[in-house]
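The values are calculated or read from the model by the stated rules, or taken from the named source; none is laboratory data. In this text, all values refer to a predicted model and were calculated from it rather than measured experimentally. All Cβ positions, glycine included, derive from the backbone under ideal geometry; neighbour counts span all protein chains shown.
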Amino acid sequence: KEIFLKDYKLPDYYFDTVDLKFSLGEEKTYVSSKISVIPRVEGSSAPLVLNGQDLNLVSVKVNEKELKDGDYLLDSRHLTLPSPPSGVFTLEIVTEIYPQKNTSLEGLYKSSGNFCTQCEAEGFRKITYYQDRPDIMARYTCRIEADKALYPVLLSNGNLIEQGDLEDGRHYALWEDPFKKPCYLFALVAGKLESRDDSFITRAGRKVSLRIWTPSQDLPKTGHAMHSLKAAMKWDEDVFGLEYDLDLFNIVAVPDFNMGAMENKSLNIFNSKLVLASPETATDADYAAILGVIGHEYFHNWTGNRVTCRDWFQLSLKEGLTVFRDQEFSSDMGSRTVKRISDVSKLRIYQYPQDAGPMAHPVRPHSYIKMDNFYTVTVYEKGAEVVRMYKTLLGSQGFRKGMDLYFQRHDGQAVTCEDFFAAMRDANDAEFSNFLLWYSQAGTPTVKVTSSYNAEAHTFSLKFCQEVPPTPGQPVKEPMFIPVSVGLLDSTGKDMPLSSVHHDGTLQSIAKDGQPVYSTVLRVTKKEEEFVFADVHERPIPSLLRGFSAPIRLESDLAESDLFFLLAHDSDEFNRWEAGQVLARKLMLTLVADFQQKKPLVLDPKFVHGLGSILRDPSLDKEFIAKAITLPGEGEIMDMMDVADPDAAHAVRVFIRKQIAQELKGDLISTVENNRSSDGYVFNHDNMARRALKNIALAYLAALDDPECTALAMHEYQTATNMTEQFAALAAIAQNPTKTREEVLADFYSKWQHDFLVVNKWFALQAMSNIPGNVENVRNLLNHPAFDLRNPNKVYSLIGGFCGSPVNFHAKDGSGYKFLGEVVVQLDKINPQVASRMVSAFSRWRRYDGTRQNLAKAQLEMIMSTNGLSENVFEIASKSLGA
Ligand code: ARG
Ligand code: ZN
């Protein structure tokens, strides 16, 4: 059943307090809930409809009187009271559930012997009958009873107010959360866990106990997560003036978790891979992800929990904003430029294809069948770009004013994206024209820019022409409000001072208080629009969309020589990187055409020269260098082709990598040698940057598959003292289908088989491989003793990894598609959310040639015809087929 934003109605009943009691057992678990219900309109007696799924109803009482069969209606998804009392009343419901059989990992379930919950978006209805919607905000207590030996630790939201022993070796704990919350923020954990304890003193002097819970053997690996949490608490105070509001903050790590983590009030639950780290077992990327996600979930306490969403269509209200906040946090903890490059790459690689395919949806979707399918890169990452645009338009201080007003107006409420927009606007008296279209129009705008210099008039003109492509359900689009940050470089590579610009018949001054300005934000709002800079005394080279000021595709008329110039000189480091990427994309597309016409491939020496000078430039940040010499992926290139050709894109990328490695071999070898670790692992920017540069140099070299380079990679593998370098060396060697590859892979497994997070890396590396015919390997790995279809991380590594291989997933004989089709059907019976994420790999099937189209379509049809298909997979598969 499809649900529409336009059908939103206020609830007929509010819930004031909710008292839950869990009696946890091995065979069955009882849940009793006692709710004080308040009609929204005094005296009305509309039916009260509660959501519920996979529940066994034991009893229902209204005002302490048990209801008989005919007093309520029960179907597979609802419990309805047709005529509840008018006025305030209490409702008591007892259900029986079976967490030990719950493989969907939604609601209450067991993960390696411990009980835990995941309620967002709509999992609370698998625990008890409830109005499962975020605009129902109530104060909760939660009493948990369980066997004391098996479940010594009992956790829920808020403060622990009572605990004690019971008969038969059982015990209990009573928790009370003083803050009103929607049920998706409810959480419960019971198990054999131990905690790393620390504390944080807030600006106001509140001493907060911090506890990170894991099985005891994992405790040593929680140090970085604790460090990240304290850094996040401090940062939110410093940057947004936001403090923590309780005396206790718990984080629990569980190995079976559908997503990354969950911001339940004061009881965050995390996928273990985003908590556990040690230098020997986690890479720099893992450390950075932990920092970002610990921050993200903590930041939700204000953006999500204190102020929440009115309905699920508003998801980006909390997710876009919180992703923006975690991006800024990570920027401030490391390198701002490098973080921006990573975030923009993520947007391009994952969100642009979504925005151009059958699952394209606005940042605020208009409808859904299964909400879980809308926890997407569009809602999260494009949503974060939308928030970033407010900051670009208002400046840091203006943005902060908007945030302050947002909390002042909406603390304790469930609100909409317009409320956020209005706070930003009102706090700054800003004129935001049609900015709200960013929430309602899907599709990535394309902006074409043409420039011209008038030497007599000393003016420089930029003409913009925007186009928003049609997307499902939105054939015609309106022009959007696009902030374009611009600077002009003079012939020495310096930014020119910008004095004023002609636009819309007026001359607007850019200089502020007589101070020269070197970068300005143009407000592009029309389909076609011209801006003419005055007092430009030589032909400039424009640096456009600095810092990637809007999530668009920019097509400029810059010449190749201009791009090389920007690559060498732009003061905006993001645009230096971008200039290199534009050059690389152009070059790769040209070579793809040559490859398809069976012409010999020749690499432009200017390109190699450009990369060489970046590689050798001692003034540049090493992590920036690593990013700048990384070629765009096959996906990005396919995204720019009329018919995506995975074989050509891959062949060209491999060809360029080998050429570069050959021609810069000396530099690359010294890069490896000069960037080895001198002492132990440190997680800080300089050390990460050094390792990143060393590792990419090694990957280039190993692509050559010559004895000298392979020996170097083997040496790095054997001498590595941390996972970042060890795994990079393994991956470098594994590029080539050699005997060495098999030996090193086997060696790595035997070293790490006891550590499931490291084994997942090993699965992913093999699964993603482009070595010919790899589908057979991956099939075999499904039967590997360490693999388990019930664990999402393992599925994401092996199946998700495989779908990332352009060559093998898209194998022309259809073997990759057939493999995925079979796995999806099997998985759907176990875990629909995970199956649905996997089936998404088919969604862009129309981008490929006829043969591939038919093969992929056949798999989608096979999936659609499966009995008992989940709504999750149904939604993605049917939308992909365009049915
Ligand atoms: N709110 C969580 C986060 O971003 C994501 C939980 C989504 N879970 C789900 N099953 N859809 O931080
Ligand atoms: Zn989130």
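Listed here are the helices (runs of 4 or more DSSP H) enclosed by the range 346-429 that have at least 3 residues being closer than 24 Å to Leu522 by Cα, under 23 Å from the mean Cα position of the chain (by Cα) and within 16 Å of ligand 2 (Cβ to nearest atom): 383-410.
Does the range 432-450 contain at least one residue that is over 24 Å from Leu554 (Cβ atoms), in a helix (DSSP H, G or I) and free of Cβ contacts under 8 Å to residues at least 60 places away in the same chain? Within the range 432-450 (the criterion being over 24 Å from Leu554 (Cβ atoms), in a helix (DSSP H, G or I) and free of Cβ contacts under 8 Å to residues at least 60 places away in the same chain), the answer is no, since none of the residues qualifies.
Quick one: which of Lys265, Lys273 is within 20 Å of Val189 (Cα to Cα), within 16 Å of ligand 2 (Cβ to nearest atom) and not aliphatic (A, V, I, L, M)?
Working: Lys273 fails: within 16 Å of ligand 2 (Cβ to nearest atom).
Testing whether each residue is within 20 Å of Val189 (Cα to Cα), within 16 Å of ligand 2 (Cβ to nearest atom) and not aliphatic (A, V, I, L, M) leaves just Lys265.
Mind listing whichever residues of the range 313-328 are of a type in the set (A, V, I, L, M, F, W, C) and within 13 Å of ligand 2 (Cβ to nearest atom)? Matches in the range 313-328: Leu315, Leu317, Leu321, Val323, Phe324. Scanning the range 243-262 for residues that are assigned to a loop (DSSP other than H, G, I, E, B) and within 16 Å of ligand 2 (Cβ to nearest atom) returns Phe257, Asn258, Met259, Gly260. What residue, of Trp213, Trp175, Trp235, is buried (at least 23 other Cβ atoms within 10 Å of the Cβ), out of contact with any Cys (no Cβ under 8 Å at 6 or more places or on another chain) and either modelled with pLDDT of 95 or more or closer than 25 Å to Glu328 by Cα (or both)? From the options Trp213, Trp175, Trp235, the qualifying one is Trp213.
Restricting the range 602-639 to residues that are among the acidic types (Asp, Glu) and within 30 Å of Ser843 (Cβ to Cβ), the residue that is nearest to the chain's Cα centre (by Cα) is Glu636. I need the full set of residues from the range 602-661 which are of a type in the set (Ser, Thr, Tyr) and within 21 Å of His685 (Cβ to Cβ), in order please. Result: Ser619, Thr630.
For beta carbons closer than 6 Å, sequence separation of 6+ or different chains, a first residue in the range 272-286 that is closer than 9 Å to Asn722 by Cα and a second that is basic (Lys, Arg), the qualifying pairs are Ser278/Lys221.
Go over the candidates Phe756, Phe809, Phe787, Phe748 one by one and state the one that is crowded, with 23+ Cβ neighbours inside 10 Å and in contact (Cβ under 8 Å) with a residue 12 or more places away in the chain. Walk me through it before giving the result.
Details: Phe756 fails: crowded, with 23+ Cβ neighbours inside 10 Å; Phe787 fails: crowded, with 23+ Cβ neighbours inside 10 Å; Phe748 fails: crowded, with 23+ Cβ neighbours inside 10 Å.
Of the residues listed, the single one that is crowded, with 23+ Cβ neighbours inside 10 Å and in contact (Cβ under 8 Å) with a residue 12 or more places away in the chain is Phe809.
Across the range 276-299, the qualifying residues are those that are under 16 Å from Lys318 (Cα atoms) and out of contact with any Ser or Thr (no Cβ under 7 Å at 6 or more places or on another chain), and the one among them that is nearest to ligand 2 (Cβ to nearest atom) is Glu297. Among the residues of the range 52-107, those identified as without any contact (Cβ under 8 Å) to a residue 12 or more places away in the chain and under 27 Å from Gln833 (Cα atoms) are Asp75, Lys101. Residues that are assigned to a loop (DSSP other than H, G, I, E, B) and away from ligand 2 (no atom under 16 Å from the Cβ) within the range 123-137 comprise Ile127, Thr128, Tyr129, Gln131, Asp132, Arg133, Asp135, Ile136, Met137, listed in sequence order. Within the range 316-341, being away from ligand 1 (no atom under 15 Å from the Cβ) and either within 12 Å of the chain's Cα centre (by Cα) or not in a helix (DSSP H, G or I) (or both) holds for Gly334, Ser335.
Of all residue pairs spaced 6 or more apart or on separate chains, none has beta-carbon atoms under 7 Å together with a first member in the range 302-313 that is assigned to a loop (DSSP other than H, G, I, E, B) and of a type outside the set (D, E, K, R) and a second member that is modelled with pLDDT under 95 and more than 14 Å from ligand 1 (Cβ to nearest atom).
Cβ-Cβ contacts under 6 Å between residues 6 or more apart (or on different chains), taken from a first residue in the range 847-866 that is closer than 20 Å to Ala356 by Cα to a second residue that is polar (S, T, N, Q) and in a helix (DSSP H, G or I), are listed as Leu860/Ser880.
Taking the numbered list (1) surrounded by fewer than 23 Cβ atoms within 10 Å (Cβ to Cβ); (2) within 15 Å of ligand 1 (Cβ to nearest atom) in turn, Ile251 passes all entries but (1).
Scanning the range 296-315 for residues that are closer than 17 Å to Met259 by Cα and more than 11 Å from ligand 1 (Cβ to nearest atom) yields a count of 0.
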